[in-house]
Amino acid sequence: MKVLVVGTGAREHAIADALKDDVELYSYMSKKNPGISKIAEFSQGDEGEVEKVAEYAKEQDIDIAFIGPEAPLGKGIVDELEKNGIKCVGPTQSAARIETDKSFMRKLFEDYNIEGSLVYKVFDNTEDVNAFLDDFERDVVVKPVGLTGGKGVKIVGDHLKDNEEAKEYSKEVIDNTMGGFAQVIIEERLIGEEFTIQAFCDGTHLAPMPAAQDHPHAFEGDKGAITGGMGSYSDKGGLLPFLSQENYDKAVKIMEETLKAIAEEAEPYKGILYGQFMLTADGPRLIEYNARFGDPEAMNVLPLLKTPLSEVCQAIVDETLDTVEFDDKASVCKYIVPDGYPETQYAGEIIDVDEEAIEELGAKVFYAAVSEEDDGIHLSGSRALGIVASGDTIEEAEKIAEKACEFVKGNVYHRKDVGTSELVEKRVKHMEEILEN
């Protein structure tokens with residue numbers, strides 16, 4: 001079977017790595033990813049030029065295309081590929097609105113009475129935003145309606161001082177058509193612990209994966225700007241130290257109901273559905289959906305996959321998806337980024353990665369926003385690579401991942417606290433306090 005992985009980053013490297021032993025592997029990527037280029041035939045080009053991707057897929061006689069990033073999904077890459085007879089792991093443009101249009105997602109919850117939503121309003125002018133915020137007595141979250149690469153969300157009490165600053169940021173979003181829409185979503189700020197459940201979907205059936213928790217803040221102690229994610233962990237049993245089986249099952253039920261609603265309102269959803277939840281005193285609430293694997297969370301679950309990913313892909317396109325099995329282990333992913341990230345002066349510099357030493361420790365390297373040139377691996381201004389390790393406990397996996405980070409040399413930084421016992425315990429205590437009050 002010939003499989004094409006579309007995308008350039010660590011998420012796509014993890015997908016390609018999980019497929020490499022069972023398929024004839026191809027890649028379409030905007031930069032030469034050092035990890036993917038070793039294991040796949042590849043073509044370099046803009047993944048957003050969907051006609052060119054489809055043309056390449058036809059030329060190579062691809063059987064299944066696996067779409068990694070959200071931007072091509074929003075441009076209708078699946079529609080274009082399927083028009084050319086190529087089956088896809090990824091939703092159509094219409095179904096991908098679950099991520100690309102946040103107002104569509106929230107309206108689904110309303111129209112189909114899906115549990116787990118929150119108080120929200122969509123605005124297209126600052127006068128109505130100001131009037132709403134003057135009357136709304138709780139802290140809020142401000143989100144562009146469209147895609148902003150995980151960096152457009154601002155939270156009162158975190159990035160914004162108060163609702164007055166929320167008004168200013170809302171004006172900026174609307175005036176600059178941030179995310180492609182001259183609209184903004186204002187949501188109530190939820191108090192709790194965030195977690196992610198990703199699931200394979202074949203349009204009707206949903207096979208959930210182990211839960212993971214991302215660390216979006218740039219600096220240790222959950223300080224600094226919200227980034228694309230600085231690392232994540234998962235635990236044995238598919239749960240998290242603060243997440244019960246009951247609440248995991250409730251979150252999965254919300255995703256199942258969403259899958260039915262998308263099929264009714266748009267088209268059957270095939271691919272990866274990523275649910276970002278907040279565990280609150282009232283149970284799990286849905287923050288947002290992504291129409292693809294998370295980055296870094298893909299790196300937590302894919303190395304633990306027992307069912308061959310090639311079989312899962314075939315089942316998705318054939319609409320015969322059943323249970324998908326994972327190794328019962330914990331995993332920790334730590335992202336290496338240019339020093340100073342997200343504001344860095346080291347873009348373009350060369351880094352040295354001792355892959356052999358990392359692999360000898362039992363860890364894996366997944367390359368992200370770097371470029372392989374003749375003289376070596378160059379940093380960009382974004383995340384460079386994910387280091388992932390698994391173990392019988394989060395603590396064991398964290399120690400291996402942390403040791404492996406020593407084998408990446410250059411002007412780089414990573415959050416040493418991701419997956420540590422201290423930070424995990426802080427999450428558990430925070431949740432206990434919320435449930436007691």
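The values are calculated or read from the model by the stated rules, or taken from the named source; none is laboratory data. Since the model is a prediction, treat every value here as computed from it, not as a measurement. Note: ideal-geometry Cβ built from the backbone for every residue, glycine included; neighbour counts use all protein chains shown. Just the protein is used for accessible areas: all its heavy atoms, side chains included, with ligands, DNA and RNA removed. Shrake-Rupley method; radii C 1.70, N 1.55, O 1.52, S 1.80 Å.
Data overview
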{"quantity": "Options 221, 421, 378, ranked by Cα towards positive dipole end of the chain, top entry (Cβ charges)", "calculated": "378"}
{"quantity": "Charge dipole magnitude, Cβ of K and R +1, D and E -1 - region 37-123, Cα centre, debye nearest 20", "calculated": "380 debye"}
{"quantity": "Protein accessible area in the chain, 1.4 Å probe - carbon and sulfur %", "calculated": "43 percent"}
{"quantity": "Kyte-Doolittle mean at least 1.0, axial Cα span of 27 Å or more - DSSP H helices of the chain", "calculated": "none"}
{"quantity": "Alpha carbon centroid spacing (whole Å) that separates region 82-96 from region 193-245", "calculated": "26 Å"}
{"quantity": "Equivalent ellipsoid dimensions for region 149-262 as semi-axes, Å, which come from the Cα gyration tensor, largest first", "calculated": "29, 20, 13"}
{"quantity": "Karplus 3J(HN,Hα) series, Hz, for region 95-100 with 6.51 cos²θ - 1.76 cosθ + 1.60 (x for Gly, Pro)", "calculated": "6, 5, 4, 4, 9, 6"}
{"quantity": "Region 371-437: C-alpha gyration tensor shape, a/c 1.5 cut-off, then a/b vs b/c", "calculated": "prolate"}
{"quantity": "Rounded to the nearest 10 Å², the accessible area of residue 328 at probe 1.4 Å", "calculated": "90 Å²"}
{"quantity": "GNM result for the chain, Cα springs below 10 Å: residue of 21, 235, 282 fluctuating most strongly", "calculated": "282"}
{"quantity": "Listed residues 427, 285 arranged by accessible area, highest first, probe 1.4 Å", "calculated": "285, 427"}
{"quantity": "Counted charge near residue 264, where neighbours are those whose Cβ lies closer than 13 Å (Asp, Glu -1; Lys, Arg +1)", "calculated": "-2"}
{"quantity": "Probe 1.4 Å, accessible area per residue of the chain, Å²", "calculated": "40 Å²"}
{"quantity": "Alpha-carbon radius of gyration plus Dmax, which is the widest Cα pair, for region 22-88 in Å", "calculated": "11.2, 31"}
{"quantity": "Whole-Å distance, taken between Cα centres, linking region 129-189 and region 1-49", "calculated": "36 Å"}
{"quantity": "Label-point separation in nm, residue 325 to residue 151, each point 7 Å along Cα→Cβ", "calculated": "4.2 nm"}
{"quantity": "Debye, to nearest 20: dipole size of region 131-239, +1 on Lys, Arg Cβ, -1 on Asp, Glu Cβ", "calculated": "360 debye"}
{"quantity": "Read-out Kirkwood radius over Cα pairs in Å, derived from the coordinates shown; its label in (1) 23.5; (2) 24.6; (3) 21.9", "calculated": "(3)"}
{"quantity": "FRET efficiency, 1/(1 + (r/R0)^6) with R0 35 Å, evaluated for residue 177 and residue 135 via beta carbons", "calculated": "0.85"}
{"quantity": "Förster-model FRET efficiency, 51 Å R0, residue 61 and residue 111, C-beta, rounded to 0.05", "calculated": "0.75"}
{"quantity": "Point-charge dipole on Cβ atoms (K/R +1, D/E -1) for region 277-343, about Cα centre, debye to 20", "calculated": "180 debye"}
{"quantity": "Listed residue (152, 44, 283) projecting farthest to the positive dipole end of the chain, Cβ model", "calculated": "152"}
{"quantity": "Residues in region 170-197 reached by a label modelled at residue 244 [backbone nitrogen below 16 Å; 7 Å Cα→Cβ]", "calculated": "193"}
{"quantity": "Peptides 315-327, 27-39 ordered by average Cβ neighbours within 10 Å, highest first", "calculated": "27-39, 315-327"}
